[in-house]
1. Give me the pairs: first residue in the range 81-96 and farther than 17 Å from residue 123 by Cα, second residue assigned to a helix (DSSP H, G or I) and at pLDDT below 95, beta-carbon distance under 9 Å, and six or more apart or on different chains, which are they?
2. Would you confirm, using the coordinates I've provided, whether residue 52 is modelled with pLDDT under 95 and more than 18 Å from residue 126 (Cα to Cα)?
3. Can you tell me which of 81, 67 is under 12 Å from the mean Cα position of the chain (by Cα), modelled with pLDDT of 95 or more and in a strand (DSSP E or B)?
4. Identify all residues within the range 18-55 that are without any contact (Cβ under 8 Å) to a residue 12 or more places away in the chain and in a strand (DSSP E or B); write none if there are none.
5. From the set of residues in the range 109-125 that are in a strand (DSSP E or B) and free of Cβ contacts under 8 Å to residues at least 40 places away in the same chain, which is farthest from residue 88 (Cα to Cα)?
6. Among the numbered criteria (1) buried (at least 20 other Cβ atoms within 10 Å of the Cβ); (2) farther than 17 Å from residue 125 by Cβ, which one does residue 68 miss?
7. Based on this model, can you work out whether residue 99 counts as modelled with pLDDT of 95 or more and either surrounded by fewer than 19 Cβ atoms within 10 Å (Cβ to Cβ) or not in a helix (DSSP H, G or I) (or both)?
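The values are calculated or read from the model by the stated rules, or taken from the named source; none is laboratory data. What you see is a predicted model; the values in this text were computed from it and never measured. Because the Cβ atoms are built from the backbone with ideal geometry, glycine has one as well, and the counts that use them run over all protein chains shown.
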């Protein structure tokens with residue numbers, strides 16, 4: 001599996017607006033490079049481009065969403081590391097051949113696909129592979 005770069009790192013937060021007030025001055029940004037709500041993943045995201053790597057603050061839009069459950073178990077903090085690959089489905093096949101369990105199948109977002117490796121297989125980190133061909137800010 002060819003890894004092109006770290007695509008993004010995501011921080012799970014309880015309150016996105018409060019987190020933005022903390023992080024934006026630290027990142028030297030006055031607003032996110034991209035803001036969106038992903039209904040399927042039940043998240044509201046503020047994404048900042050730092051070189052070729054995205055830095056995301058994620059807030060759950062549902063009390064039973066994955067981000068809310070993560071915060072309930074672990075508190076706020078780094079939830080996800082995403083690796084940019086050429087082809088998500090090919091990466092999934094290789095990961096499965098290596099015995100790494102995936103969570104569900106490939107998922108669509110904008111013009112790309114992404115998939116998750118179960119955290120128990122990778123030191124407690126939710127690992128994502130994504131074939132986003134745009135800039136890191138474009139996810």
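1. Correct list of pairs: 84/136.
2. Criteria met by residue 52.
3. Checking each option against the conditions leaves just 81.
4. 36
5. 117
6. If we test residue 68 against (1) buried (at least 20 other Cβ atoms within 10 Å of the Cβ); (2) farther than 17 Å from residue 125 by Cβ, just (1) comes out false.
7. The answer is yes for residue 99.
Conditions tested, residue by residue: (1) part of a helix (DSSP H, G or I); (2) modelled with pLDDT of 95 or more; (3) surrounded by fewer than 14 Cβ atoms within 10 Å (Cβ to Cβ).
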{"residue": "57", "(1), (2), (3)": "no, yes, no"}
{"residue": "72", "(1), (2), (3)": "yes, yes, yes"}
{"residue": "94", "(1), (2), (3)": "yes, yes, no"}
{"residue": "107", "(1), (2), (3)": "no, no, no"}
{"residue": "127", "(1), (2), (3)": "no, yes, no"}
